[in-house]
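The values are calculated or read from the model by the stated rules, or taken from the named source; none is laboratory data. All figures in this text were calculated on a predicted structure; none of them were measured in a lab. Ideal geometry is used to build each Cβ from the backbone, glycine not excepted, and the neighbour counts take in all protein chains shown.
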Amino acid sequence: MSEAEPFLEVRDLKKYYDDGGLLGGDPVKAVDGVSFDIREGETLGLVGESGCGKTTLGRTILNLETATEGEVLADETDVTSISGRELRRWQSQAQMVFQDPDASLNDRMTVGEIIREPLDAHDWPNLAVSVADDREVAGKRVHRAEGDERRDVTVDADGGVSVREGAPLTREDLTVDADGDRVDVTLHKHASAMREDRVRGLLEQVGLREEHFYRYPHQFSGGQSQRVGIARALALEPRFLVLDEPVSALDVSVQARIINLLEDLQDELGLTFLFIAHDLSVVRHIADRVAVMYLGEVMELGPTEEVFTDPSHPYTESLLSAIPGSMVETGERITLRGTPPSPRDPPSGCRFSSRCPAKIRPDEYSVSGEHWEALDQLHSVFRARSNAEKGIVDVVKERLGIQDVSTVDELLLELFDAERDGDGGISIEMPDDAASVVYEAAELARAGDEAGAAERLDDAFGSVCSEEHPEANDVGAGRTSRCLRHREEYEDPDAVIEQRYRSD
Amino acid sequence: MSDTLLEVENLRTVFHTEKETIRAVDGVSFDVERGETVGLVGESGSGKSVTARSVLGLVDEPGVIEEGSIEFCGDELVGGNWDEHRGDIAIVFQDPMNSLNPVYTVGNQIKEALRIHQGLRGQAATDAAIELLEDVGIPDAARRVTEYPHQFSGGMRQRAVIAIALACDPDLLVCDEPTTALDVTIQAQILELLDELQREEDLGVLFITHDMGVIEETTDRVNVMYAGEFVESAPVDELFDDPKHPYTKGLLASIPGRTAGDERLPTIEGEVPTSTSEPSECRFAPRCPHAFDACESVHPERIAVGDPDADHETACLLYDDEFEESPPEDGVVADGGETA
């Protein structure tokens, strides 16, 4: 399966919100240059913390959001720029299952109506009829199959008719009259009867019973509601499903049943999945390959088992080590500090540099590991302060030059475990060259220039990680990883983490 | 380790509805000692949260504690003595946004708790609030104390909630799914924090979750809850190495990703039933892959199993000598071939 043709090629896809706008602020870069292939019949897992852009990426691929830049190629068509009939065709091929089944099902419709809705919206059925030579296809609810569209009915040169296996009708349901240049196809069944049959078939396919047809969503448990959501997504016989956290809201025993159902459906119908989840254990079970996202970028991509057992990127390593329990034997846990920075103002250079456990440190300072962490933290506090929305009082204080001196002092005392000396000043136990930079930055912060303070720290203690944006490096075996440490001149991330966090 | 903080004995919390009486918690007993973390695990609807609320005296109409005793440091709480110990037991809920008041600053909310439980006011309260925020690992606490909950990220909000809980200076902390709404990286931070606080303050912790991984990592002792009852209790290592009850085995087996590979996940069919009457049968029997005739007519008592030194108990007839059926071979879990 791993060598299958790409079903979808995502190329440098970007989705920005508030782009420029009237005030010309920075846009939110929710998805910022993502490229990967999704292969026919595979499950690609997409993991990352909340707010990293997973869902936006899924929605942009389906053209539910308009892409800012880049393309998504399916059968050589860029689906981000299509509209009208083409778009409707793409939408019938690619569907989405949402996280919260209760929120994504209309309370006032019966389950039958919910599953039927996409059929009505797309005026289903519209059978693709394949005919030999140049003959025309005529009749209601039929059209001539184009390109590599899936054929529902095949009429060969000598008038033989066959119906695709699994198609929503049988040979007896239609009459075909092949006469010269024209093939007349007449359906005996009314569309609404066909739709009703289709819905009942779908109910059975997802493990619900016929009597559920007339029930309302509130009468269902979480697992059953999610089955309804899956049935609705399958109604138009799509080839590709974006599953957005489909089991996150479910209990573990129910979750296992839905996962089994999804795997069965994939086998049965030859579906391709993009499986979005923040639960890494679910992704490990279901995905063939996995993409790890951080702040709008894919940091690492590769076959699931390899990525889980031997992560290349420091972010993957930290994410995996955060999973509770003994699921992954990655050794000592690396706890990432804080939360990802705002996608409106991502760190310069490598996106992950502000939290990276394997960040490259400049050689000229001999500072202890703990103090390096404190310096990183001080930097992020100054940055956060300079970006914080300021209340009127803060703004007035700033204008008048009244600054809360005590908070800067307290910050230093807390982060560096420092002590006040006799005359109220603060001295940090650090080599003089490094300490003097901290004092300078603190002075700037006391004067209200927090951005300047952050910059001063960055000038001195920043490295290539905060200057250069890493490319996705090929790290072998079909894997890529976006880290500067893969360059020859630096030590591998793995070795650095081992040495910094896992040796005594 | 020997001083027991909380002693729950045969607790039964019921909800009287028009139609029937629902036994949400039906005869559970457990202890929490100082410095110990006791886990409570089970599916939704098994009665975990009602147990937690019962311990805090937060069960509202139509719910009532019908039977049993809850002793805190030797004082009986059932019957309305919670007021005397208000602040000694604190709770952290799942969703921090629901626990915080959006129109007060985080500092104000911590100070409120400090005023009520420790009588601190003014600058002393502010200083204490800043200190608490620092203790729970919020950077730049002096500045953050004047901010509102919406200015905090999800992880920081949960830290703030923990700070409020700590402002009561509790002896026992009840955590009701405190990390379920959080990302795994943030979850790791919060679990680390709770562990640290517990060691510093020698807190007893009652930890409720449906995540077996979190249980394995944080607790000392685990109670597996099903339909209002504890079906298995054991020290955490013993439970994971040698689970006895078919329900426990099913729960452990249905966790995805424990092992590599494409095998089908074993599942437990059906849903947790709602218990409305005195049990005359094993409540798990309809879903149990190993159920036999007696399971439908005899209510299993808790019996000692496994390592005799481990204080490992389960309520399952498979382990009862009176019946001939014997437990399945170790390592064999529920048949994985069932369809969904």
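Summary of computed values
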{"read-out": "Among (1) in contact with an Asp or Glu (Cβ under 6 Å, 6 or more places away or on another chain); (2) crowded, with 17+ Cβ neighbours inside 10 Å - the single one B:W82 does not satisfy", "value": "(1)"}
{"read-out": "Top-ranked residue of region A:264-285 - restricted to ones that are within 20 Å of the chain's Cα centre (by Cα) and within 8 Å of chain B (Cβ to nearest Cβ), ranked as nearest to A:L64 (Cα to Cα)", "value": "A:H278"}
{"read-out": "Filter pass, A:A384 being surrounded by 19 or more Cβ atoms within 10 Å (Cβ to Cβ), within 13 Å of chain B (Cβ to nearest Cβ) and part of a helix (DSSP H, G or I)", "value": "no"}
{"read-out": "Region A:104-156 - residue that is in contact with a helix residue (DSSP H, G or I) (Cβ under 7 Å, 6 or more places away or on another chain) and hydrophobic (A, V, I, L, M, F, W, C) and, of those, modelled with the lowest pLDDT", "value": "A:W124"}
{"read-out": "Odd one out for B:D75, checked against (1) under 25 Å from the mean Cα position of the chain (by Cα); (2) touching a residue at least 40 places away in the same chain (Cβ under 8 Å)", "value": "(2)"}
{"read-out": "Total residues in region B:24-46, condition within 14 Å of another protein chain (Cβ to nearest Cβ), more than 17 Å from B:T314 (Cβ to Cβ) and either surrounded by 22 or more Cβ atoms within 10 Å (Cβ to Cβ) or touching a Pro at 6+ places or on another chain (Cβ under 7 Å) (or both)", "value": "1"}
{"read-out": "Matching residues in region A:140-181 - criterion: being outside any loop (DSSP other than H, G, I, E, B) and closer than 30 Å to A:T77 by Cα", "value": "A:V142, A:H143, A:R144, A:V153, A:T154, A:V155, A:S162, A:V163"}
{"read-out": "Filtered residue count, region B:299-311, keeping only those that are surrounded by 20 or more Cβ atoms within 10 Å (Cβ to Cβ) and more than 21 Å from B:A227 (Cβ to Cβ)", "value": "1"}
{"read-out": "Residue that is nearest to the other protein chains (Cβ to nearest Cβ) [pool: residues in region B:107-146 that are hydrophobic (A, V, I, L, M, F, W, C) and touching a Ser or Thr at 6+ places or on another chain (Cβ under 8 Å)]", "value": "B:A142"}
{"read-out": "Tally of residues being part of a strand (DSSP E or B) and away from chain A (no Cβ under 11 Å) across region B:193-225", "value": "10"}
{"read-out": "Residue within region B:229-246 that is closer than 22 Å to A:G222 by Cβ, within 14 Å of chain A (Cβ to nearest Cβ), touching a residue at least 40 places away in the same chain (Cβ under 8 Å) and outside any strand (DSSP E or B) present", "value": "no"}
{"read-out": "Residue in region A:224-243 that is surrounded by fewer than 24 Cβ atoms within 10 Å (Cβ to Cβ), within 11 Å of chain B (Cβ to nearest Cβ) and in contact with an Asp or Glu (Cβ under 8 Å, 6 or more places away or on another chain) present", "value": "no"}
{"read-out": "Single residue of region A:288-318 satisfying the filter (within 28 Å of B:P266 (Cβ to Cβ) and either among the basic types (K, R) or part of a helix (DSSP H, G or I) (or both)) that is farthest from the other protein chains (Cβ to nearest Cβ)", "value": "A:R289"}
{"read-out": "One residue from A:E210, A:E204 being within 14 Å of chain B (Cβ to nearest Cβ) and surrounded by fewer than 16 Cβ atoms within 10 Å (Cβ to Cβ)", "value": "A:E204"}
{"read-out": "Lone unmet requirement of (1) crowded, with 24+ Cβ neighbours inside 10 Å; (2) among the polar types (S, T, N, Q); (3) closer than 19 Å to B:S99 by Cβ for B:T185", "value": "(3)"}
{"read-out": "Failed criterion for A:R215 (all others in (1) under 30 Å from A:G139 (Cβ atoms); (2) surrounded by fewer than 20 Cβ atoms within 10 Å (Cβ to Cβ); (3) charged (D, E, K, R) hold)", "value": "(1)"}
{"read-out": "Region B:229-286, residues that are polar (S, T, N, Q) and over 22 Å from B:F207 (Cα atoms)", "value": "B:T259, B:T267, B:T274, B:S275, B:T276, B:S277, B:S280"}
{"read-out": "Residue in region B:266-280 that is touching a Pro at 6+ places or on another chain (Cβ under 7 Å) and surrounded by 14 or more Cβ atoms within 10 Å (Cβ to Cβ) present", "value": "no"}
{"read-out": "Single unsatisfied condition, A:R171 versus (1) loosely packed, with under 13 Cβ neighbours inside 10 Å; (2) over 34 Å from the mean Cα position of the chain (by Cα); (3) in contact (Cβ under 8 Å) with a residue 24 or more places away in the chain", "value": "(3)"}
{"read-out": "Residue within region B:11-22 that is under 16 Å from the mean Cα position of the chain (by Cα), among the aromatic types (F, W, Y) and in a strand (DSSP E or B) present", "value": "no"}
{"read-out": "Residue within region A:453-468 that is outside any strand (DSSP E or B), in contact with a Phe, Trp or Tyr (Cβ under 6 Å, 6 or more places away or on another chain), modelled with pLDDT under 85 and under 22 Å from A:L378 (Cβ atoms) present", "value": "no"}
{"read-out": "Residue list for region B:157-192, restricted to those being more than 12 Å from chain A (Cβ to nearest Cβ), over 15 Å from the mean Cα position of the chain (by Cα) and assigned to a loop (DSSP other than H, G, I, E, B)", "value": "B:C168, B:D169, B:P170, B:D171"}
{"read-out": "B:G39, sole failed condition from (1) assigned to a strand (DSSP E or B); (2) of a type outside the set (S, T, N, Q); (3) modelled with pLDDT under 95", "value": "(3)"}
{"read-out": "Selection status of A:L336, touching a helix residue (DSSP H, G or I) at 6+ places or on another chain (Cβ under 8 Å), within 12 Å of chain B (Cβ to nearest Cβ), modelled with pLDDT of 80 or more and surrounded by 17 or more Cβ atoms within 10 Å (Cβ to Cβ)", "value": "yes"}
{"read-out": "Some residue of region A:323-333 being within 27 Å of B:M212 (Cβ to Cβ) and in contact with an Asp or Glu (Cβ under 6 Å, 6 or more places away or on another chain)", "value": "yes"}
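Table: residues versus (1) within 22 Å of A:V28 (Cβ to Cβ); (2) part of a helix (DSSP H, G or I); (3) among the aromatic types (F, W, Y).
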{"residue": "A:L57", "(1), (2), (3)": "yes, yes, no"}
{"residue": "A:T60", "(1), (2), (3)": "yes, yes, no"}
{"residue": "A:T66", "(1), (2), (3)": "yes, no, no"}
{"residue": "A:L73", "(1), (2), (3)": "no, no, no"}
{"residue": "A:R85", "(1), (2), (3)": "no, yes, no"}
{"residue": "A:W90", "(1), (2), (3)": "no, yes, yes"}
{"residue": "A:M96", "(1), (2), (3)": "yes, no, no"}
